[in-house]
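Working notes for the structure below.
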Amino acid sequence: MSLPSNIKQNLMPSEISFMTENEYIQILPRYSMKSIQLIGTKIPNLRALRREKVPLWVALILKSQGKCNIVIPDWLNLIYLKARYDEEVKFPMKFSDLPFNWIDLSKILLSKAPDDLPDPVHQLRSIIQDLREIRQVKTRKGLKEVNESNIGLSGLSLLEINELRPFMLSVMNKLREIHESVRHDDYDDEEVIDVDDDED
Amino acid sequence: MEVDDILRNFDTEVGQRSQKPKVDLYTSLSRVMLNERMAPEILPYQKDLLDEVLSRITNQQQLLLDSHEYGDVNIDSGIITSDYKLQLMIMETDIERLSYLVRLYLRVRLSKLETFTIHYIRLTGERDDTKATLLSDEEQEYLTKYMGLLQSLYNNSILKKIPRELTYLDEVESDISMVTTPDVDEMVFIKVLRDETITIPLEDEDELQLEKDAVFVVKYGLISGYLNIGDVILI
Amino acid sequence: MFGDQANKLVLDAHRTSNLPEITLYQSDLVDDIVKETNDLGRDVDYITEQQRTNPEGTSAEQIVALECQLFVARLSMRRNKRCLLAHQKLRADKMNEFAWLNIDPSDSNSTPQPSLTKTGALGSNYTTRMILDNLSNQEQEYFKQYSQLLVDMKSKYVDIDLSGDLEPPTSIFIDVRVLKDGGEVQTEYGVFNLIKDSQFYVRKSDVERLIQQGYLEEL
């Protein structure tokens with residue numbers, strides 16, 4: 001096969017980071033830099049201390065070279081995340097409102113832009129871990145609702161979904177097989193009855 | 001800021017305002033790649049997007065080469081600052097990132113052609129409109145040639161050594177066809193993009209309500225129509 | 001029992017499908033199955049000929065017995081064929097995997113293949129080793145032609161390197177620190193000097209060897 005089997009129908013964590021890096025983020029340039037015409041986008045002229053939006057991967061390059069600070073999204077701070085955690089506790093049937101890529105985005109920012117964060121890294125890391133765990137517990141409970149035709153996972157981030165994928169696919173495909181074989185039997189029964197009717 | 005910069009900024013700002021909100025190239029290419037990756041069957045080749053991306057990659061690569069040359073020639077003049085180098089590095093990264101997405105997209109498609117070779121030979125041979133949109137010219141040629149290779153491998157190592165009545169590759173035996181086809185009932189993970197809720201009828205008069213931004217695991221066959229018009233994406 | 005040999009072949013195929021290499025082509029087993037299939041084919045011909053030339057000379061019971069025999073023979077033949085094809089397809093798939101790596105197969109067991117350094121996206125069951133002697137003649141021919149098919153396909157997409165890395169390019173440029181003094185290093189992005197404790201932002205592929213040799217460390 002021209003493609004490794006572990007790439008089929010599953011995402012590697014590095015791919016999820018890659019996609020997150022394509023999202024736009026605000027930066028605060030520390031120096032001026034002329035605009036760059038890229039293939040899919042244009043990096044505007046940068047002027048010191050004038051906020052601009054650029055793809056995260058560009059922001060990370062500029063940041064690593066000391067050319068900018070990253071403007072941390074308004075949900076990545078202790079107060080906000082603590083409030084989401086309390087919500088998770090209070091509403092056991094619902095996931096709190098967090099961005100689709102909150103886990104990987106915070107992971108990237110915690111490691112690549114620690115000095116831009118509003119709160120100490122270790123405290124942020126710990127509240128993020130708490131949030132992840134409480135949501136994992138909920139997901140496991142929710143999986144009891146799995147059936148053979150569909151299941152809703154709204155509110156989960158891509159990374160959380162991807163972690164569930166291998167398990168869910170195998171369970172749901174098994175259920176599907178059972179469901180189909182049962183239906184097939186029903187069908188066969190009906191046929192037999194039809195034949196009997198004809199003979200009568 | 002220089003005058004031409006101001007003008008250029010003005011141009012893009014006006015351009016952005018007059019157009020309806022458009023997804024950028026990265027987003028559309030990532031979506032197209034992921035859809036292809038997660039769908040059990042091959043999806044129509046995204047010709048316009050791929051033509052656009054491939055030609056832009058070629059142009060940008062040329063520009064990068066030229067800029068390096070320009071840098072080498074002017075190395076002692078003081079024009080070449082560390083910023084200049086950094087800009088080229090950003091350009092190169094951009095090229096690599098997009099090339100990777102295109103590469104993965106094409107590789108996924110080739111692997112489907114290799115898995116369901118006979119099925120796609122039949123499908124693209126049947127109807128002209130399928131042929132025109134399902135595969136690119138390059139893929140169509142690859143498929144035909146690959147079929148030829150496989151056929152002669154089968155012939156030389158097996159089929160010509162066994163009785164003639166067995167030499168067909170597409171017979172159906174005890175209800176099981178020899179031709180492997182994509183399983184459209186496979187479960188896929190979807191995300192809903194359309195603003196208005198999509199209602200999908202299920203068995204036993206049930207229905208499935210897909211609201212915007214919702215994430216579901218469903219049978220591929222149930223949503224493949226919405227996938228093709230971009231109302232849902234696979235994740 | 002008809003089909004036993006074929007079953008062996010399928011089990012063998014199943015067992016080897018997850019190995020990172022292609023095992024020796026089982027030509028004896030394949031030949032046995034081919035022979036069994038041809039024997040069955042002759043049985044079928046004989047029985048049908050009998051039925052045709054001498055339809056009255058057989059009792060109803062005999063006819064049923066012959067029909068049964070025919071049925072079993074035909075089924076076994078088809079099963080054998082499918083097992084042979086499945087086995088061959090699986091080996092073809094593994095040859096395809098290997099072909100995408102762009103490395104030469106080795107001629108025999110005596111020359112071990114260098115282990116691949118970049119296997120991040122490949123997974124443990126990807127075919128990364130192939131010994132040419134393990135392939136049948138037909139397979140060697142197939143591999144040659146498939147490799148040519150890839151070369152042709154790649155030449156249509158020169159800018160994106162179709163057989164390139166499937167791991168996302170997350171760090172093309174990296175910060176490095178010089179660990180020990182060395183000479184001048186020439187790259188597309190200019191020259192830098194290996195002076196202990198200095199730092200540079202460089203293309204990763206340009207300095208991979210210097211990192212291995214201990215001149216640089218990635219920060």
Checklist entry - If you average the sequence gap of Cα pairs under 8 Å that are 6 or more apart and divide by the length of chain C, what percent do you get for the contact order? => result 20
Item to check | As computed over the range C:173-218, the Cα convex hull volume per residue (Å³) | outcome: 59
Checklist outcome for this item: Low-density loop GluC sites (Glu not before Pro), the range B:130-224, at most 10 other Cβ within 10 Å, DSSP non-H/G/I/E/B, are B:Glu196
Item to check | Inter-site label distance for B:Leu169 and B:Thr197 at 7 Å from Cα along Cβ, in nm | outcome: 4.9
Next on the checklist: Please list 3J(HN,Hα) in residue order for the range B:55-64, calculated via the Karplus relation 6.51 cos²θ - 1.76 cosθ + 1.60 where θ = phi - 60°; whole Hz, with x for glycine and proline.
Outcome noted: 6, 5, 4, 4, 4, 5, 5, 5, 4, 5
Checklist entry - What does the charge dipole of the protein assembly as shown about its Cα centre add up to, to the nearest 20 debye, if the Cβ of each Lys and Arg holds +1 and the Cβ of each Asp and Glu holds -1? => result 3200
Checklist outcome for this item: Helix C:137-155 sits off the longest principal axis of the Cα atoms of chain C, rounded to the nearest 10 on a 0 to 90 degree scale, by 40
Checklist entry - Given a Förster distance of 60 angstrom, what is the FRET efficiency for A:Asp86 paired with B:Thr58, based on the Cβ-Cβ distance and rounded to 0.05? => result 0.70
Checklist entry - For the range A:73-180, what's the relative contact order in percent, using C-alpha pairs closer than 8 Å and at least 6 residues apart? => result 35
Checklist entry - So which lysines pass the test for A:Lys67, namely a Cα distance under 27 Å, with those fewer than 8 places away in the same chain ruled out? => result A:Lys34, A:Lys42, A:Lys53, A:Lys107, A:Lys112, B:Lys85, C:Lys196, C:Lys204
Next on the checklist: Give me the one-decimal nm value for the distance between modelled label points at A:Asp130 and C:Asn193, 7 Å along each residue's Cα-to-Cβ direction.
Outcome noted: 5.4
Checklist entry - GNM, chain C, Cα, under 10 Å: largest mean-square fluctuation among C:Val30, C:Val44, C:Val158? => result C:Val158
Checklist entry - How about the range B:61-117: which GluC sites (Glu not before Pro) there are in a DSSP loop, with at most 15 other Cβ atoms within 10 Å of their Cβ? => result none
Checklist entry - How big, in percent, is the set of alpha carbon pairs in the protein assembly as shown lying more than 47 Å apart? => result 30
Checklist outcome for this item: Ordered by number, the chymotrypsin sites (Phe, Trp or Tyr not before Pro) in the range B:140-231 that occupy a DSSP loop and have at most 12 other Cβ atoms within 10 Å are B:Tyr168
Checklist entry - If one takes the longest principal axis of the Cα atoms in chain C, at what angle in degrees, from 0 to 90 and to the nearest 10, does the Cα axis of helix C:27-53 lie? => result 30
Checklist outcome for this item: Ranked by GNM mean-square fluctuation in chain A (Cα springs under 10 Å), the top entry among A:Glu23, A:Glu163, A:Glu177 is A:Glu177
Checklist entry - Using a basic spin-label model with each label point 7 Å from the Cα along Cα→Cβ, how many nm lie between C:Val151 and C:Asp107? => result 2.0
Checklist entry - GNM on chain C, C-alpha springs below 10 Å: top fluctuator among C:Thr48, C:Thr187, C:Thr16? => result C:Thr187
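Where a number appears in this text, it was derived from the coordinates with a stated rule and is not lab data. None of the values given here were measured: they were computed from a predicted structure. A quick note on method: Cβ atoms are made from the backbone with ideal geometry, for glycine too, and the neighbour counts reach across all protein chains shown.
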